[in-house]
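Readers should treat all values here as calculations from the given coordinates under stated rules, not as data from a laboratory. Since we're looking at a predicted model, the values are computed, not measured. Note that we place each Cβ from the backbone using ideal geometry, even for glycine, and neighbour counts take in every protein chain shown.
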Amino acid sequence: MTEETIFSKIIRREVPADIVYQDDEVTAFRDINPQAPVHILVVPNRRIVMASTVEDDDRDVLGRLFLVARQVAEQEGLGKGYRLIVNSGEHAHMEVPHLHVHLLGGEPLGPLLCR
Ligand code: 5GP
């Protein structure tokens, strides 16, 4: 889990992505395989592997992920609601080991699918 992922290259703009928000700490870009009309990933620029590895020093940037998610949701017109999902580890089907918040919306999503 020491290797960086494709997300670091997206953050550095070395590979293309539809970036909808970026600052010194956080980047948000559209998911390449959207599961809803709006599907955006909100990620810390400095790699944190996953929710199960967060540390005290990550506290500020973790808060920023929610603030950016709120701002992007407003930008995207998700006033009727949206879903934030964080997968962590194998049983959660986490594919990219760089912590990310899925922001999903744009239509009624139905109950949370767990299995
Ligand atoms: P996870 O299953 O790890 O929570 O979600 C990883 C997400 O990253 C998936 O929804 C997948 O479609 C998305 N993803 C994987 N590779 C890329 C990529 O190269 N570009 C973009 N924009 N999204 C990606």
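Output the number of residues of the range 66-98 satisfying the condition of being part of a loop (DSSP other than H, G, I, E, B) and farther than 22 Å from Pro37 by Cα.
Of the residues in that region, 4 qualify.
Listed here are the residues, each with its yes/no results for (1) touching a Phe, Trp or Tyr at 6+ places or on another chain (Cβ under 7 Å); (2) small (Gly, Ala, Ser); (3) assigned to a helix (DSSP H, G or I).
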| position | (1), (2), (3) |
| --- | --- |
| Thr2 | no, no, no |
| Ala17 | yes, yes, no |
| Phe29 | no, no, no |
| Pro34 | no, no, no |
| Leu41 | yes, no, no |
| Ile48 | no, no, no |
| Asp60 | no, no, yes |
| Arg64 | no, no, yes |
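Could you check the range 5-23 and list, in sequence order, the residues that are surrounded by fewer than 18 Cβ atoms within 10 Å (Cβ to Cβ), within 13 Å of the ligand (Cβ to nearest atom) and either touching a residue at least 60 places away in the same chain (Cβ under 8 Å) or of a type in the set (Ser, Thr, Tyr) (or both)?
Listed by number, the residues that qualify are Thr5, Ile6, Ser8.
Only one residue in Val49, Val42, Val54 is in contact with a His (Cβ under 8 Å, 6 or more places away or on another chain) and over 18 Å from Leu103 (Cα atoms). Which one?
Just a single option satisfies the conditions, and that option is Val49.
Report, by residue number, each residue of the range 73-101 that is buried (at least 18 other Cβ atoms within 10 Å of the Cβ) and within 14 Å of the ligand (Cβ to nearest atom).
Met94, Pro97, His98, Leu99, His100, Val101
Across the range 24-35, what is the number of residues that are surrounded by fewer than 18 Cβ atoms within 10 Å (Cβ to Cβ) and either in contact (Cβ under 8 Å) with a residue 40 or more places away in the chain or of a type in the set (Phe, Trp, Tyr) (or both)?
Counting residues in the range 24-35 that are surrounded by fewer than 18 Cβ atoms within 10 Å (Cβ to Cβ) and either in contact (Cβ under 8 Å) with a residue 40 or more places away in the chain or of a type in the set (Phe, Trp, Tyr) (or both) gives 2.
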